[in-house]
Structure formats: C-alpha cells, structure tokens
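Engineer: The structure follows.
Please treat every number below as a calculation from the coordinates, not as lab data. Owing to the predicted nature of the structure, the values given are computational and were not obtained by experimental measurement. Positions of Cβ are generated from backbone atoms using ideal geometry, with glycine treated the same way; all protein chains shown enter the neighbour counts.
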Amino acid sequence: MADITWELFHRQVEACNLCPLYHGILHKVPGQGDPASPLMFIGEGPGQTEDEQGLAFVGAAGQLLTRMLDAISLPRERVYICNIVKCRPPNNRVPLPEEISACMMHLRMQTLLVHPKVIVLLGSTAARATLGNEIRITRDRGVWQQRKGVWMLPTYHPSALLRDASKKKDAWTDMQALRDKLKELHLYPDLYPS
Ligand code: URA
C-alpha cells in the first residue's frame with residue numbers, strides 16, 4: 001500500500017466521485033488546522049459558507065465554535081477541524097448513510113494522519129457515524145467513550161446551539177470536560193500547566 005501522506009489525502013478528496021454529492025458544489029472541504037493536533041473536531045458536512053471558501057466551520061456555526069474554543073483558552077489554529085462528509089449536501093440536508101459510508105475512507109485517512117488523542121464529535125451525525133447508530137445526542141452528549149485508545153466526546157453541534165440557546169449550558173459543561181481531559185492527559189502543557 002502506498003504511504004499515506006497529506007498530499008495523497010488532499011489529492012484523493014479533490015478527485016473523489018464516490019458519491020453524487022460533488023455534483024453542484026463549489027469546493028471540496030477536506031478540513032484544516034494543525035495537522036498534528038492532539039485534538040480533532042468532527043462536524044457533519046460543509047454549509048454554504050464552507051462550500052464557498054473550501055474551509056470547514058467558517059460560517060455562523062464555525063464562528064460559534066471559535067468562541068467556544070476561546071472560552072477554554074484554546075486557539076483555533078491549535079486544533080484540527082473537519083467533517084464527516086467533504087462535500088456540501090444540497091440545501092444542507094443531513095448526509096445519507098451511503099454518502100457517509102463513501103466518505104468514510106477520507107476521514108479514516110485523515111484520522112491516521114492527524115493521530116489525535118481526543119476527538120470531539122459535533123452533533124448527532126458525527127457521533128452516530130463514528131460511535132454507532134444507537135447514539136442519541138441528547139442522552140449521550142458529555143459522556144466520554146474510549147475507542148482504540150482515542151478519547152471521544154459527543155456534544156451538541158454549534159448549529160443546534162444557534163437554534164436552541166437552552167442547549168448552551170450543557171455545551172459549556174462539555175467544553176469544561178474537554179478542557180479537564182486535555183489537562184489530565186497533558187496534551188497542551190503550555191495552555192494548561194499542571
Ligand atoms: N456545519 C458542519 O457540520 N460543518 C461545517 O463545516 C459547517 C457547518
């Protein structure tokens with residue numbers, strides 16, 4: 001098997017036609033951030049602003065995510081951010097199971113390359129695609145699960161917080177749990193000294 005490299009990953013995403021989502025998009029949105037970050041965020045799929053710019057989480061939900069990171073003193077450039085699917089679904093609909101399956105090879109490659117110690121799953125689509133369909137975000141958010149040595153935390157998607165402000169309290173609890181885990185694992189010693 002060819003060595004996995006970032007160059008190969010980006011070439012494969014750019015050339016991908018494994019599902020129909022690439023029809024009608026402006027840009028693929030592979031993900032961006034620190035390519036060797038100990039912490040990875042996974043969302044659902046690009047929205048309109050992300051499709052226009054080719055960057056993940058740069059619209060309203062992304063700006064809220066940046067503020068949530070700021071609230072735990074974590075600069076956005078220090079994390080890696082991507083989505084379950086790399087192409088914008090039409091009208092921002094939830095990606096179909098076959099689109100998620102087709103795109104999973106890209107996420108797998110990306111996870112091998114970043115090699116994160118902690119993954120935050122933003123919303124139901126990311127949590128279910130990663131941890132299994134039995135996940136219910138309202139029930140399971142904030143509960144750490146360890147998979148193949150990686151700590152995973154499902155939480156609300158920032159778009160859900162924009163739609164329903166009453167969820168923000170739980171989301172803040174989850175961000176504090178994230179900060180505590182990063183500190184416990186000594187992952188950002190310059191940001192969270194022990
Ligand atoms: N919602 C997502 O799930 N991902 C983005 O990149 C933007 C909005």
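Engineer: Are any residues in region 128-139 over 11 Å from the mean Cα position of the chain (by Cα) and assigned to a helix (DSSP H, G or I), and if so, which ones? Full working, then the answer.
Structural biologist: Keep residues of region 128-139 that are over 11 Å from the mean Cα position of the chain (by Cα), which gives 128-129, 131-139.
Of everything in region 128-139, those that are over 11 Å from the mean Cα position of the chain (by Cα) and assigned to a helix (DSSP H, G or I) turn out to be 128, 129, 131, 137, 138, 139.
Engineer: Might you check whether a residue that is more than 22 Å from residue 35 (Cβ to Cβ) and in contact (Cβ under 8 Å) with a residue 40 or more places away in the chain occurs anywhere in region 71-86?
Structural biologist: yes
Engineer: Please give the number of the condition residue 36 fails out of (1) exposed (fewer than 13 other Cβ atoms within 10 Å of the Cβ); (2) part of a helix (DSSP H, G or I); (3) in contact (Cβ under 8 Å) with a residue 24 or more places away in the chain.
Structural biologist: Answer for residue 36: the failing condition is (2).
Engineer: Which residues, counting only those in region 95-108, are part of a helix (DSSP H, G or I) and over 14 Å from the mean Cα position of the chain (by Cα)? Quick ask: steps written out before the conclusion?
Structural biologist: So the first thing to find is which residues in region 95-108 are part of a helix (DSSP H, G or I), and the list is 97-108.
Correct list: 97, 98, 99, 101, 102, 105.
Engineer: Given the criterion within 11 Å of the ligand (Cβ to nearest atom), more than 17 Å from residue 100 (Cβ to Cβ) and not charged (D, E, K, R), identify the matching residue among 31, 62.
Structural biologist: 62
Engineer: Scan 99, 7, 52, 14 and give me the residue that is free of Cβ contacts under 8 Å to residues at least 12 places away in the same chain, more than 20 Å from residue 152 (Cα to Cα) and among the acidic types (Asp, Glu).
Structural biologist: On the way: 99 fails: free of Cβ contacts under 8 Å to residues at least 12 places away in the same chain; 52 fails: free of Cβ contacts under 8 Å to residues at least 12 places away in the same chain; 14 fails: free of Cβ contacts under 8 Å to residues at least 12 places away in the same chain.
Going through 99, 7, 52, 14 in turn, just one is free of Cβ contacts under 8 Å to residues at least 12 places away in the same chain, more than 20 Å from residue 152 (Cα to Cα) and among the acidic types (Asp, Glu): 7.
Engineer: Out of everything in region 73-94 that is in a helix (DSSP H, G or I) and out of contact with any strand residue (DSSP E or B) (no Cβ under 9 Å at 6 or more places or on another chain), what residue ends up being nearest to residue 188 (Cα to Cα)?
Structural biologist: Step one: filter region 73-94 for residues in a helix (DSSP H, G or I), giving 76-78, 90-92.
From what is left, the residues that are out of contact with any strand residue (DSSP E or B) (no Cβ under 9 Å at 6 or more places or on another chain) are 90-92.
Values: 90: 38, 91: 38, 92: 34 Å.
The selected residue is 92.
Engineer: Would you check which residues across region 39-48 are part of a strand (DSSP E or B) and either surrounded by fewer than 21 Cβ atoms within 10 Å (Cβ to Cβ) or near the ligand (Cβ under 8 Å from one of its atoms) (or both) and list them? Before you say what the answer is, go through the steps one by one.
Structural biologist: Let us first name the residues in region 39-48 that are part of a strand (DSSP E or B), namely 39-43.
Of everything in region 39-48, just one residue is part of a strand (DSSP E or B) and either surrounded by fewer than 21 Cβ atoms within 10 Å (Cβ to Cβ) or near the ligand (Cβ under 8 Å from one of its atoms) (or both), namely 43.
Engineer: Checking the condition in contact with an Asp or Glu (Cβ under 6 Å, 6 or more places away or on another chain), part of a helix (DSSP H, G or I) and on the phi < 0 side of the Ramachandran plot, which residue from 125, 111, 173 passes? Walk me through how you get there before you give the answer.
Structural biologist: Details: 111 fails: in contact with an Asp or Glu (Cβ under 6 Å, 6 or more places away or on another chain); 173 fails: in contact with an Asp or Glu (Cβ under 6 Å, 6 or more places away or on another chain).
Answer to the check: 125.
Engineer: Can you name the residue in region 157-178 that is under 22 Å from residue 111 (Cβ atoms) and either among the basic types (Lys, Arg) or in contact with a Gly (Cβ under 9 Å, 6 or more places away or on another chain) (or both) and is also surrounded by the most Cβ atoms within 10 Å (Cβ to Cβ) among such residues?
Structural biologist: Once the filter is applied, the top-ranked residue is 158.
Engineer: Something else now. In region 153-194, what count of residues is obtained for those that are more than 17 Å from residue 67 (Cα to Cα) and touching a Ser or Thr at 6+ places or on another chain (Cβ under 7 Å)?
Structural biologist: Here the count works out to 2.
Engineer: I've got another one for you. With the structure loaded, tell me whether residue 26 is in a loop (DSSP other than H, G, I, E, B) and more than 15 Å from residue 106 (Cα to Cα) or whether it fails that test. Please lay out each step first, then the result.
Structural biologist: Values: in a loop (DSSP other than H, G, I, E, B): yes; more than 15 Å from residue 106 (Cα to Cα): yes.
Criteria met by residue 26.
Engineer: Sort through 70, 51 and tell me the only one that's away from the ligand (no atom under 12 Å from the Cβ), of a type in the set (D, E, K, R) and not in a loop (DSSP other than H, G, I, E, B). Break it down into steps so the answer makes sense when it comes.
Structural biologist: On the way: 51 fails: away from the ligand (no atom under 12 Å from the Cβ).
Checking each option against the conditions leaves just 70.
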